[in-house]
Amino acid sequence: MKKRINLRLILIAGIAVIVTMVCMTGIYYKLFQGQVRKDLQINARLLSGTGLFDDPDNTNVSLSEYYEVGEDLRVTWIAKDGTVLFDNDLDISQLPNHKNRPEVKKALFQGEGESVRRSDTMQMDNYYYALRLENGTVIRVATQARSVYSVFLAASPFVMLILILIVSICIVLAHFLTKQLLHPIERLAENMEDTIEEPVYKELVPFVNTIRKQHENILMAAKVRQDFTANVSHELKTPLTAISGYAELIENHMVDPEQETRFALEIQQNATRLLSLINDIIRLSELDSGEDNLLCFEQVDLDEVAGTCVKNLQMNAQKRNVTLYYEGVSCMLRADRGMISELVENLCQNAIRYNNEGGEVHVRVYYEKGQPMLSVADNGIGIPKDQQERIFERFYRVDKSRSKQTGGTGLGLAIVKHIVELHDAVLHLESEPGKGTMITVAF
């Protein structure tokens, strides 16, 4: 671990120093080139003002008498046809025609020109600047300067010193970090009976975390199944006990003839509740399985589905003296039509069931920020704040006595939650005791 930290810090430091050196060398070399070109322009213009190059027929030019030229500055005078008239560095009889030289060609046509030619050794660069005079001839000045490679090589010793200094600092820093962070861990490992090597430990950590998470999920699923089984047993037992009791009384002729009708009605109501409960349990089991063949996605108009559900539930609402209102616009979405109908029906049934006599239920289908929305709002009993997170649990009821009286199974909102999840929708609940509840589904 210590070696790895040291190597990484050294590697980072080395890369940082090298990249910095390359960037700074490039920047300063560009500035240096600009200064060299500017100096050549100044020298060329000063030479053109001496009058030495006014007469093309006078090739006996002596610069030393009129202009102090440095040893590293080469001056060449070129005629219109490219013939070299004067050169302070070489014998003009040995020089070829310069008309096709890039800087001379530019000067003849544009008034001035410049170029840079790399030397074969890559150690020096030749800079040229040419200026066209009033008589049509061209004066060219040239100098040599270090190439970027030679500048880089010249700076290398200093860079190495900086790199050594930074590496030393990194080693000291790594030693301090390992002492502060790793030594406590190492001491803890020494106290363990079986010390696990670091590579093996790193490989085991994600594996152990995965096993732990799976174990927690298994325990949670087992608890959910256990609770569900207990609730199902209790919920099924209640109507079955009532049916059995009433049937036994009738069988033993312990019921007056005028009460037989009432007992038969009780048996029918409990049987209906039992059938609803079994149907909801089967439906939840199907939704839990998540089988793709149970889903049939198609283009569905939420307005059409919700409007039909509200229309079918009007009679049920009237029996409970609840007014059911609907307002909607066409909202197309890709969904399972049967499930969406079941979703709307469960929400509306719940709003009717837990409403007050003379209450209202408002069902809306609309668009909000481009999303199809469904909202079911009532002015019923409402849900306390501490129970709002639990109402979508199976068999959980806010008012158990009311639910049983009205035939609720306690599974309606659990089915709603499953349908919402299968359609990647979002469920939102707003409720206040005594004022009512509004459930919104955003598709």
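The values are calculated or read from the model by the stated rules, or taken from the named source; none is laboratory data. Predicted, not measured: the structure shown is a model, and the values here were computed from it. The area values use the complete protein model at the heavy-atom level, side chains included, leaving out ligands, DNA and RNA. Shrake-Rupley method; radii C 1.70, N 1.55, O 1.52, S 1.80 Å.
Once the whole set of protein chains is in place, how much accessible area is left on R132, using a 1.4 Å probe, in Å² to the nearest 10?
Roll a 1.4 Å probe over it and R132 shows about 100 Å².
For the stretch 84-145, what does the alpha-carbon gyration tensor say about shape, rounded, prolate or oblate, given a ≥ b ≥ c as the root eigenvalues, a/c under 1.5 as rounded, and a/b over b/c as prolate?
Oblate shape, in that a/c is at least 1.5 and b/c is the bigger or equal ratio.
Using a probe radius of 1.4 Å on heavy atoms only, what accessible surface per residue do you get for the stretch 71-140? Whole Å² is fine.
On a per-residue basis, 55 Å².
For D87, tell me the accessible area in Å² from a 1.4 Å probe, rounded to the nearest 10.
The value for D87 is about 10 Å².
At q = 0.30 Å⁻¹, work out log10 I(q)/I(0) for the stretch 309-364 with the Debye formula, treating every Cα as an identical point scatterer and leaving solvent out; two decimals please.
Log-scaled intensity ratios, in q order: -1.28.
Arrange the residues H98, H253 by how much accessible surface each exposes, largest first, with a 1.4 angstrom probe.
H253, H98
Which links in K319/K417; K385/K435; K311/K385; K30/K106 stretch past 20 Å when you go from one Cα to the other?
K319/K417; K311/K385; K30/K106
Report the accessible area of F392, computed with a 1.4 Å probe over the heavy atoms of all protein chains in place, in Å² rounded to the nearest 10.
30 Å²
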